[in-house]
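Shown next, in structure tokens, is the structure this report addresses.
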Amino acid sequence: MERPLIIDKTAADLSLPPHLTDAARAAFSWSAVRAALDGLPGGGLNIAHEAVDRHTRGPLRDRVAFRFVARGTELTYGDLAQATNRFANVLTGLGVERGGRLFILTGRIPELYVALLGSLKAGVVVSPLFSAFGPEPIATRMNLGSASVLVTTPSLYLRKVAGIRGQVPSLRHVLLASEEGFDIADIPDVVDLDDLLDAASDDYTIADTQPEDMALLHFTSGTTGRPKGAVHVHEAVLHHWMTGNYALDLHDDDVFWCTADPGWVTGTSYGVIAPLLHGVTSIVDEGDFDAERWYGILADQRVSVWYTAPTAVRMLMRSGADLARTREFPALRFIASVGEPLNPEAVWWGKEALGLPIHDNWWQTETGGIMIANTPAMPIKPGSMGRALPGIEVAIVRRVDGAVEPVAVDEEGELALRRGWPSMMRGYLGDDDRYRRCFVGDWYLTGDLARRDADGYFWFVSRADDVIKSAGHLIGPFEVESALLQHPAVAEAAVIGVPDDLVGEVVRAFVSLKPGIAPGATLHRDIIAHARKRLGAAVAPKEIDFLPTLPRTRSGKIMRRLLKARALGLPEGDLSTLETASPETGADHDH
Ligand code: ATP
Ligand code: MG
């Protein structure tokens, strides 16, 4: 089906959020954002104070901050303020000092949120890890971050940490959250977190952290190679507030669901901090992806703003529109997505199956928060990441003799950001050189290639590592994958270049099919013919491999480098973030 190139919202729609208009954008200043926040009495700034304690003086005190759907429990802002005070006192009691490093390895249980925010209150640096990691990735990350405290659960500790504890000499304290079926007193060298919390005072004076004090360590997804550890500071809270306002349009009567795990930066910046800053109720789902349950959560919890990822959208698409139509989503008013390019097909699917188009936005672990977005106040051009957010200067550049220069409108180049936004990473753990190499003059270079059109919309082309050079053309996998996804049999597609003597590289595609569709020579021909019609013979894949499922990171990104290594018989490289999931449900066997 041919579709229009733009989803123009009605004038009435556009007048809805006045704070998102071009006039508001032009009036934007970071000092106004700072003024919307409290700050600490001594002039400092602390993420947890702004996210939690700031709200407890007024009516938001009794508002639900987190609702844990599976266990049926809730934490209000008031509960959270007290529990995080207790946690901060526990750290003081253990002698953990400001600047100490605390790692969290749990599922999405209440203790995760309490430990994360409680550490920030104490000025202790936090690094949440995805609980599906195996022992080696856990040890590597804790060593890179000099972990001194670990918060985890008895089962995860016994299965994954006990065996490698000797390899992490900096680790002094292991705090275990209670878990059914385990007696923590029987486990040597650990302490019972809930006992300590019960005994601690709920009165605490937040550490006088300064904007430049280190707050969070986040590891990248490892899509292109070994994951890097990005350092973030308390000043990032300005950016979290700004994006909660302009990119997600969060208000204190919203029910918000961010489907990312806090083990990834999205799950911390938008699964914890930004919604709290705006007084929102967040839904926490402890389970893995399951289409029917997810539709149930959107409907039953009356989610109004939903932030998810292309991989989840593709899985919902794969499960069929009929399933979506079994439920209604009257409360839902805004859907956003991040993590990978969002194919136009997926934007339209949102509109058809859920009644709302999906708004793509772009950022990375290093940026700490959303930088480019389709906001509620702009027409969507499906396939575009949207426009630069207020306070953010984005350029498309080319590198010339150690400097950068802008390229023309509609021309491809590297996506660059003017340095100095509040949540910019302040370093890569243990790799100063690599950090320095990300910057040229005033610009941070993202490693992604993109174009900007005359309306200021950015179009993702590819990661610099993934671009394909064939017979003098530069081909971005996204463009080819989006065309493949328009074929009715295709559920997911990944495209790589394989070396070729004649043309440099040829385009090769890996495709997984929708349920019930069998691969075969006829389908192979049909998909290639479809791609040629859309893209032309030079850009369409020459060859398609059918796979039951595509390899992806635990944060849900297709790992093209692994497909390429396998296709070329090269070493597979760092696989610490590779998801080992069932093709049908995406459920992780490793939980
Ligand atoms: P690594 O840096 O370890 O290879 P990664 O880049 O996947 O992993 P993240 O920081 O989680 O780690 O992901 C950021 C990257 O994800 C971006 O640089 C971009 O390539 C991709 N990305 C994120 N959002 C979008 C989007 N909306 N459109 C296209 N690409 C996106
Ligand atoms: Mg990256």
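The values are calculated or read from the model by the stated rules, or taken from the named source; none is laboratory data. Predicted, not measured: the structure shown is a model, and the values here were computed from it. No Cβ is skipped: glycine too gets one built from the backbone with ideal geometry, and neighbour counts run over all protein chains shown. Each accessible area value is taken on the protein alone, full model and side chains, heavy atoms only, with ligands, DNA and RNA left out. Shrake-Rupley method; radii C 1.70, N 1.55, O 1.52, S 1.80 Å.
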About its Cα centre, the stretch 77-209 carries a charge dipole, from +1 on Lys and Arg Cβ atoms and -1 on Asp and Glu Cβ atoms, whose size in debye to the nearest 20 is 700
The answer for A215, listing residues at least 5 apart or on another chain whose modeled amide H is closer than 5 Å to its amide H, is H232, V233, H234
Percent relative contact order for the chain, counting Cα pairs under 8 Å at least six residues apart, stands at 12
Percent antiparallel among DSSP beta bridges confined to the stretch 438-591, rounded to 5, stands at 85
Cross-link reach from K228 to lysines, straight Cα distance under 20 Å and at least 8 residues apart if same chain, gives K557
In debye to the nearest 20, the charge dipole size for the stretch 187-259, taken about the Cα centre with +1 at each Lys and Arg Cβ and -1 at each Asp and Glu Cβ, equals 780
Placing +1 on each Lys and Arg Cβ and -1 on each Asp and Glu Cβ in the stretch 324-407, then taking the dipole about the Cα centre, the residue among T326, S337, V404 whose Cα reaches farthest towards the positive end is T326
Rounded to the nearest Å, the spacing of the alpha-carbon centers of the stretch 263-284 and the stretch 528-582 is 31
The ³J(HN,Hα) series, computed from each phi in the stretch 511-522 with the Karplus coefficients 6.51, -1.76 and 1.60 at θ = phi - 60°, rounded to the nearest Hz and given as x for glycine or proline, is 10, 10, 9, 5, x, x, 9, 9, x, x, 4, 5
Sorted on mean Cβ neighbours within 10 Å (highest first), peptides 68-80, 19-31, 368-380 come out as 368-380, 68-80, 19-31
Computed over the stretch 455-586, protein heavy atoms only, probe 1.4 angstrom, the accessible area per residue in square angstrom equals 43
Non-local residues with an amide H under 5 Å from the amide H of V506, with H modelled 1.01 Å from N and Pro and chain starts lacking one, are V498, D500
Total charge of the residues flanking Q364 in space, meaning their Cβ is under 12 Å from its Cβ, with Lys and Arg +1 and Asp and Glu -1, is 0
By accessible area (1.4 Å), largest first, D431, D285 order as D431, D285
Of all DSSP beta bridges with both partners in the stretch 77-209, the antiparallel percent, nearest 5, is 0
Candidate cut points under trypsin sites (Lys or Arg not before Pro) in the stretch 273-327, DSSP loop plus at most 16 other Cβ atoms within 10 Å of their own Cβ, are R302, R327
Rounded to the nearest 10 Å², the accessible area of L474 using a 1.4 Å probe with every protein chain kept is 90
Taking a probe of 1.4 Å and leaving out DNA, RNA and ligands, the stretch 77-209 shows per residue an accessible area in Å² of 36
Given the candidates F478, V503, V490, the one whose Cα lies deepest towards the positive end of the charge dipole of the stretch 465-550, counting +1 at each Lys or Arg C-beta and -1 at each Asp or Glu C-beta, is V490
Using alpha carbon centers only, the stretch 108-175 is separated from the stretch 468-504 by a whole-angstrom value of 40
Across the alpha-carbon set of the chain, Rg over Rh with Rh taken as the Kirkwood radius works out to 0.95
Sorted by chain and then number, the residues having a modelled amide H within less than 5 Å of the amide H of G447, at least 5 places away or on another chain, are L415
Sorting A27, P379, V126 by the position of each Cα along the dipole of the chain (Lys, Arg +1; Asp, Glu -1; all at Cβ), the one nearest the positive end of that ordering is P379
Under the helix-only model (-39500 (n - 2.57) for each DSSP H run of 4 or more, divided by the residues of the chain), the mean residue ellipticity at 222 nm, to 500 deg cm²/dmol, is -7000 deg cm²/dmol
Once T220, T549 are ranked on solvent-accessible area with the largest value leading and a 1.4 Å probe, the list reads T549, T220
With +1 at each Lys and Arg Cβ and -1 at each Asp and Glu Cβ, the charge dipole magnitude of the chain around its Cα centre, to the nearest 20 debye, comes out at 1160
With the 8 Å Cα cutoff and a minimum separation of six or more residues, the stretch 88-188 has a relative contact order in percent of 28
For the stretch 19-177, the accessible surface attributable to carbon and sulfur atoms (probe 1.4 angstrom, ligands and nucleic acids excluded) amounts in percent to 53
Calc'd 3J(HN,Hα), the stretch 441-454, phi into Karplus 6.51 cos²θ - 1.76 cosθ + 1.60 (θ = phi - 60°), Hz, glycine/Pro = x, comes to x, 7, 10, 8, 9, 8, x, 10, 9, 7, 10, 10, 8, 5
With the 8 Å Cα cutoff and a minimum separation of six or more residues, the stretch 465-550 has a relative contact order in percent of 31
To the nearest Å², the heavy-atom accessible area per residue of the stretch 303-386 with 1.4 Å probe amounts to 24
In the chain the DSSP beta bridges are antiparallel at a rate, in percent to nearest 5, of 60
